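The values are calculated or read from the model by the stated rules, or taken from the named source; none is laboratory data. Here the structure is a predicted model, which is why all the values come from computation and not from measurement. Methodologically, a virtual Cβ is constructed for each residue, glycine included, from the backbone with ideal geometry; neighbour enumeration extends over all protein chains shown.
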């Protein structure tokens, strides 16, 4: 699959405009802005497994590998000129230092030939040690602003992460919960990309002040496409 | 009275009872029963004993006689005297049973004036009392398998158990079949290491294979001082030579008087509510002193309770008892039962075991009992005197259940036993035990391996697997050895494994036990008031998160005998209000907890095949079978009937294996995969305990007749190979099983009240871990444990395999023009039951429909 085919195939990928910018919602949980050739990914939480291991929960140590493999795939598809990792790229401040050499090389390969931005997150406020790319608190690209935590109040053109949005619907007595993009067309909150990242329902109080709810959609991640679900269909929990 | 005792052992001289005991029996005009004296004699000879007796045979007193007689002779501990450890440990599967035994034992002990301190220790025991029990242990401690594990994992375990003489294991038949039994077996092995002369007394209802229990009670693989076992011993004879406890069997008791409810009402084709029978059941309650009503699930209990009160014109005191209710409410019901102030109690399996309350003179079993042994056990609740017949009424909820009840009834008369076979000890439980062992004191791996192999469920464990478990406990056991520096247990210079950090022991204590409940939310009243509506009022109990997920605020449902309206959910609490006078939305029936036993299934098939036996059935049911015979055919005992017929725009296939819902579900999953490959375009399937229905776009009947595929090929045993593996890998069942294994093995922590507040995004869900582990290390020890669990439990692969081999070459196909009478029940389930167990693809297409609806509204 080539990047071009992906964009033409926008029938299955929810494509819409955010503050006037075209944007593709990819079911793998990334955003692509074709005009800026920019790929955004959020909350990688690399080295979460080893972070838990330090506290005695010996989770399988393959999460970083799994996350990077998926990231490599989307980067190969879109071949973006810029990549923005929207914060919480590492699960804790020591994550980048613990990153095994093999993964460090993978990140370097992915970043080669493109601009790479590490946005500071609450889990990783400091720049990741020894990795290529530029560390920023936030990033402005045209009308779009990229930051980790959504800022208070409804804002135009903001792309953020941090909240790990998911949505739930119930149909014929059965429940479907999926990670999702949360957007009202003015701003968007991205789903977490990391293999071990959980999620928080978009109906949680944490989202209440962020959106104009009458125009809100949860773009739930499916296997082959994104499903746009309107606010009245959503359930808490 | 038919109190025949048999004892299989070199008979010791009959034991004489010490004076206070003789006197106590004599004052009441009683004589000790032979099995009580036999048990005492075996114990005095230093043996462990298994006592198999029906309820009401004085089993409990018999079990404690060795302890009580010894304790009676022991001088009371004076202040300042040396520490005295616990003398007798009593372990029961239920907290309530421990409390009940305390009460029943305290009475004779007080009447004989014995200087014996008896106390319980359960999850409900307050911390200060636990603390005090450690410092000054009672003579007899009544507890549960989980509490024993906790006691054993503490650093003073050796001292606490140093004076232990006996372990009494109650309801052993029920304990040994679960992971709790595995944990207990490992605990018992540990106790035997502390106290080599320890004697075990097992109390059990009748079981199919008593020798399994006899081995369970004593140490296996006796270490014969470096002498290798003679090579001439064949593996098969290993069991024959394995050490066993003595056995004492008390036969009989009076034959129970069981009837099947004969209602003038029409017995429904399908469903589980038995609503039709409510007036008759109520009449039966009125005619008896105290009635115990058993059902198979919580939602059935709620429904029955509600319906009974609807017709309760006399205002009879009828109560409800199930595991989800608030403890205080359960205790009130138990108290009321004890004082005989109730006329009826609706209960699930929480009251299943040997609890001896009140003067129950009738047991009503609503729904089919699913197993002959379970029926016998439940009926044993009524009239706790062995020599009077128990009275019981079976209330089938649908027509197939009529057949099943009839079969169960004949089985109970015949004394048939269908307790499930014991399985090998689970590896996740072993991992928990290994960590517990390290918490108590540093262990040597070879020594611990010997100890573990002395526990019957682990008798054939190999050293390599044990090594992998120790490795798992230490560093997660991953091929990628990246966690050495975070190890939970580490080897000392002397080569012993010890806990790396006190925090690890604390984690162990919080996560001990093998019962992993589905996530529960606390259910409480929303306090009325202005402002935020969701303020918490009184607590009603716990409710499965999964159930609440399928309903929305404003929906009504039954709980604690009330119609409640869901107001909202906040964090781990669900808030409700009374919706009295409204009709509850009937809870989704989650299927019976117990699958139909193999024995009963074969009885039902035999009954179907033999028209002479239909006379025993209600006329409407017999008529149903006759019409089936005319319109289609009835399967013979060992064959499988498959019917195909068109209906609407679809084609249906219904098979009648009678192998239980789990095996059918697995079969349905695998058959639809095959039909898909054959181009039959299956759309879905539904499974009940009795039959399996599949519907498709393709004409299944025509395809089978054309041999594309033939039914023999479709039902070929090879479906249990690649198809099973491929399906399993993605199955939600396996994910659920993995979650349980991961919690028991200590990979992920249990959810504890108050800790969830950090929110979902802070925890790592078991599903995510499973996906990562399966992709990167498919042969990890925990995945091995998961597959073993799923195959025996959730999937019933063994039974499916037996069925496939039984019906080979014996499939009867009837291609019909329309639905047959026998097919009606399962056709009625379509749409009610989950259509497809594998959520993924289908839920997506559901969501796709939803988008159009949603976009339409927007």
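Taking into account only those residues within region B:315-329 that are in contact (Cβ under 8 Å) with a residue 60 or more places away in the chain and in a helix (DSSP H, G or I), which is surrounded by the fewest Cβ atoms within 10 Å (Cβ to Cβ)? It would help to see each step written out before you state the result.
Here is the first cut: in region B:315-329, the residues in contact (Cβ under 8 Å) with a residue 60 or more places away in the chain are B:320, B:324-327, B:329.
Within this subset, residues satisfying the condition of being in a helix (DSSP H, G or I) are B:327, B:329.
On the way: B:327: 12, B:329: 17.
Applying the filter and picking the extreme gives B:327.
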(request) Would you be able to tell me the number of residues in region B:474-497 that are within 14 Å of residue A:57 (Cα to Cα) and facing chain A (nearest Cβ under 9 Å)? (result) 11
(request) Run residue B:186 past the list (1) in contact (Cβ under 8 Å) with a residue 60 or more places away in the chain; (2) farther than 28 Å from residue B:449 by Cα; (3) assigned to a helix (DSSP H, G or I) and report the number of the one that doesn't hold. (result) (2)
(message) Need the failing condition index for residue B:509 against (1) in contact with a helix residue (DSSP H, G or I) (Cβ under 7 Å, 6 or more places away or on another chain); (2) surrounded by 18 or more Cβ atoms within 10 Å (Cβ to Cβ), just the number.
(response) (2)
(request) Just need a number here: residues in region B:438-447 that are surrounded by 20 or more Cβ atoms within 10 Å (Cβ to Cβ) and out of contact with any helix residue (DSSP H, G or I) (no Cβ under 6 Å at 6 or more places or on another chain). (result) 1
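Could you check region B:368-487 for helices (runs of 4 or more DSSP H) lying wholly inside it with 2 or more residues that are at pLDDT below 95? Outline the logic, then answer.
Numbers: elements: B:372-379, B:399-414, B:427-440, B:445-453, B:463-475.
Because the criterion is at least 2 residues that are at pLDDT below 95, the helices (runs of 4 or more DSSP H) in region B:368-487 that meet it are B:372-379, B:399-414.
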(request) Mind listing whichever residues of region A:57-79 are farther than 14 Å from residue A:41 by Cβ, in contact (Cβ under 8 Å) with a residue 24 or more places away in the chain and out of contact with any helix residue (DSSP H, G or I) (no Cβ under 6 Å at 6 or more places or on another chain)? (result) A:65
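Does residue B:846 fit the bill of being modelled with pLDDT of 50 or more, over 23 Å from residue B:399 (Cα atoms) and facing chain A (nearest Cβ under 9 Å)? Steps first, answer last, please.
Values: modelled with pLDDT of 50 or more: yes; over 23 Å from residue B:399 (Cα atoms): yes; facing chain A (nearest Cβ under 9 Å): yes.
Criteria met by residue B:846.
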(request) Please work out which residue is nearest to the other protein chains (Cβ to nearest Cβ), limiting yourself to region A:189-209 and to residues that are surrounded by fewer than 24 Cβ atoms within 10 Å (Cβ to Cβ) and part of a loop (DSSP other than H, G, I, E, B). (result) A:198
(request) Please enumerate the residues belonging to region A:64-111 that are within 11 Å of another protein chain (Cβ to nearest Cβ), under 19 Å from the mean Cα position of the chain (by Cα) and part of a loop (DSSP other than H, G, I, E, B). (result) A:88, A:91
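Yes/no per residue for (1) under 24 Å from the mean Cα position of the chain (by Cα); (2) modelled with pLDDT under 85; (3) assigned to a strand (DSSP E or B); (4) not assigned by TED's automatic domain parsing to the domain that holds residue B:368:
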position	(1), (2), (3), (4)
B:694	no, no, yes, yes
B:737	yes, yes, no, yes
B:746	yes, no, no, yes
B:768	no, no, no, yes
(message) So in region A:214-224, with the set limited to residues that are farther than 13 Å from residue A:178 by Cβ and surrounded by 15 or more Cβ atoms within 10 Å (Cβ to Cβ), which one is farthest from the other protein chains (Cβ to nearest Cβ)?
(response) A:216
(request) Just need a number here: residues in region B:595-617 that are surrounded by fewer than 19 Cβ atoms within 10 Å (Cβ to Cβ) and assigned to a loop (DSSP other than H, G, I, E, B). (result) 1
(request) Please find, within region A:112-124, the residue that is surrounded by the most Cβ atoms within 10 Å (Cβ to Cβ) out of those that are under 17 Å from the mean Cα position of the chain (by Cα) and in a loop (DSSP other than H, G, I, E, B). (result) A:124
(message) Tell me whether region A:169-182 contains one or more residues that are within 13 Å of chain B (Cβ to nearest Cβ), at pLDDT 90 or above and under 22 Å from residue A:121 (Cβ atoms).
(response) yes
(request) Go through the residues of region A:39-48 one by one and say whether even a single one is modelled with pLDDT of 95 or more, at the interface with another protein chain (Cβ under 10 Å from one of its Cβ atoms) and surrounded by fewer than 20 Cβ atoms within 10 Å (Cβ to Cβ). (result) no
(request) Kindly establish whether residue A:227 is facing chain B (nearest Cβ under 8 Å) and either surrounded by 20 or more Cβ atoms within 10 Å (Cβ to Cβ) or under 22 Å from residue A:151 (Cα atoms) (or both). (result) yes
